[in-house]
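Student: If you scroll down you'll find the structure; I have some questions about it.
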Amino acid sequence: MLNKSVIISVLAFIFCFSLVAQEKEKKTKRKRISKEIVVDSIIEREPIDPLSPAKAAFYSAVLPGLGQAYNKRYWKIPLVYAALGTGVYFYTTNNKEYNRYRDAYKRRLAGFTDDEFYLDGNGNQLPSPRVTTEGLERGQKFYRRNKEVSLLVTLGIYALNIIDANVDAHLLQYNVDENLSFAPHYKFNEFNAKSNVGLTLNFKF
């Protein structure tokens, strides 16, 4: 009986000692594990200017390329002027040719035979014109049509220059931030002293 009592007492003492040791170990672990600190960072953003697209469009309407400069898209300015310059070049070329054929046609109708198409490269009079009267009529129609198409293309490029500045100003104010994002998630569980790692989807209005 005495031996059993001693054994039971020893086992009870060891059990109590192990409980106390486990509790101390848990407290030590809790002290060692640093608590998660969440810091809300405040990001200052430039305020949205609702008049910015209208300003960019107005500047491009006043002077092509100025709206792109306002949006700081300087690389687009040479493209704008190259496109407009091409349109203006074809318009002036076709207009010049149209005027040549029109003036010669008027001289023919007046009964003169001294228009440029009656002369050779050295300015000598030819017995028959290089371009007939019917050819002058066709030439006027051809160059007038090309002139009108060139004018429409140039006006279209001018309008695209305004639209581009307006849309670009809208897109520059479209801000993609961290309100919608995937981020790794770490959380310390204080009940079982374990760490949980995962992936969170953040969506803020």
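Student: Considering only the range 96-110, I want to know if a residue exists there that is part of a loop (DSSP other than H, G, I, E, B) and acidic (Asp, Glu). I'd like the intermediate steps shown before the answer.
Tutor: Filtering the range 96-110 for residues part of a loop (DSSP other than H, G, I, E, B) gives 110.
This time we only want the ones that are acidic (Asp, Glu), so: none.
Checked the range 96-110: no residue is part of a loop (DSSP other than H, G, I, E, B) and acidic (Asp, Glu).
Student: Go through Asp120, Asp115, Asp164 for me and flag whichever is under 30 Å from Ala54 (Cβ atoms) and either among the acidic types (Asp, Glu) or in contact with an Asp or Glu (Cβ under 6 Å, 6 or more places away or on another chain) (or both).
Tutor: Numbers: Asp120 fails: under 30 Å from Ala54 (Cβ atoms); Asp115 fails: under 30 Å from Ala54 (Cβ atoms).
Matching residue, one of Asp120, Asp115, Asp164: Asp164.
Student: Let me ask another. So which pairs qualify, if the first residue must be in the range 162-173 and within 16 Å of Trp75 (Cα to Cα), the second must be part of a helix (DSSP H, G or I) and of a type in the set (S, T, N, Q), the Cβ gap must be under 7 Å, and the two must be at least 6 apart or on different chains?
Tutor: These pairs meet every condition: Ile162/Ser60; Ala165/Ser60; Ala165/Gln68; Ala169/Ser52.
Student: Provide a single number: the residues in the range 88-124 that are farther than 19 Å from Asn146 by Cα and out of contact with any Leu (no Cβ under 7 Å at 6 or more places or on another chain).
Tutor: Qualifying residue count, the range 88-124: 15.
Student: Let me ask something additional. Name the single residue, out of those in the range 121-140 being part of a loop (DSSP other than H, G, I, E, B) and farther than 23 Å from Asn95 by Cα, that is modelled with the lowest pLDDT. Please lay out each step first, then the result.
Tutor: Filtering the range 121-140 down to residues part of a loop (DSSP other than H, G, I, E, B) leaves 121-124, 126-132.
Now narrow it down to the ones that are farther than 23 Å from Asn95 by Cα: 122-124, 126-128.
On the way: Asn122: 79, Gly123: 75, Asn124: 81, Leu126: 81, Pro127: 84, Ser128: 85.
Result: Gly123.
Student: Please find, within the range 51-60, the residue that is surrounded by the fewest Cβ atoms within 10 Å (Cβ to Cβ) out of those that are under 11 Å from Asp164 (Cα atoms) and modelled with pLDDT of 90 or more.
Tutor: So the first thing to find is which residues in the range 51-60 are under 11 Å from Asp164 (Cα atoms), and the list is 53, 56-57, 60.
Now restrict to residues that are modelled with pLDDT of 90 or more: 56-57, 60.
Values: Ala56: 26, Ala57: 21, Ser60: 28.
Here the answer is Ala57.
The values are calculated or read from the model by the stated rules, or taken from the named source; none is laboratory data. Note that the coordinates shown come from a computational prediction; the quantities given were computed from them, not determined experimentally. Reconstructed Cβ throughout: ideal geometry from the backbone, glycine too, with neighbour counts over all protein chains shown.
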